[in-house]
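Let me begin by presenting the structure, written as structure tokens, before commenting on it.
The values are calculated or read from the model by the stated rules, or taken from the named source; none is laboratory data. No experiment lies behind these values; they were computed from the predicted model shown. Cβ coordinates were reconstructed from backbone atoms using ideal geometry, including for glycine residues, and neighbour counts include every protein chain displayed.
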């Protein structure tokens, strides 16, 4: 076969693949269409269809706080309290200052049966403002601070008016606070062991075996800390003195790593 014939054959194959891809894309709904259909299903009380639509979007990589918020609403309306709280908490990581989300999350938590005290460690208390800021916002803010800080530092190498000294001191303080805050936020996310009970009621056992002693019971929607998992079991912690094992299928972690 001559070179020109090979080239022609390659062009024909590429055109065929392009045509097939175009037909496939035409049959595949866009993200906007999926989101619209899921929202319409929710408004028409077809909650499972809405849930399926939101999950399809998440599976395609379209992840944001409002999507998790809508998913939480659909789960709540369908009577799945655990899944509702789980997705509200995931939304809170992305849109922590959203008033509607915070109201719905608080209302859903009020429906749970188990009393859980807030986990207040030193870092959480010292950097209390981090709950209201996302990691992305902190990253952008620190990037801007870096530009301003090093800009004023370079400026002082050439000119030294008095005002640049005070600006430098202020920026230095904000730069240090911003850098430490960013590091603490990253640490909080990487060590976020929060998980939500999804089953209606689970026995917390003394060991990873169905025949072990039942220590206490937990109910749907309760937020716990999952310390580790092994062979289909998870070691969870409710408080400092309340730990035990439950089936991993009964719980799901909030932060998706």
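Here are 196, 180, 184: which of them is surrounded by 15 or more Cβ atoms within 10 Å (Cβ to Cβ), at pLDDT 90 or above and part of a helix (DSSP H, G or I)?
184
Tell me the residue from 249, 234, 210 that is part of a loop (DSSP other than H, G, I, E, B) and farther than 19 Å from residue 124 by Cβ, please.
210
Between 146, 102, which is surrounded by 10 or more Cβ atoms within 10 Å (Cβ to Cβ), part of a helix (DSSP H, G or I) and at pLDDT 95 or above?
When all the criteria are applied, what remains is 102.
Among 216, 255, which is part of a loop (DSSP other than H, G, I, E, B), in contact (Cβ under 8 Å) with a residue 12 or more places away in the chain and surrounded by fewer than 18 Cβ atoms within 10 Å (Cβ to Cβ)?
255
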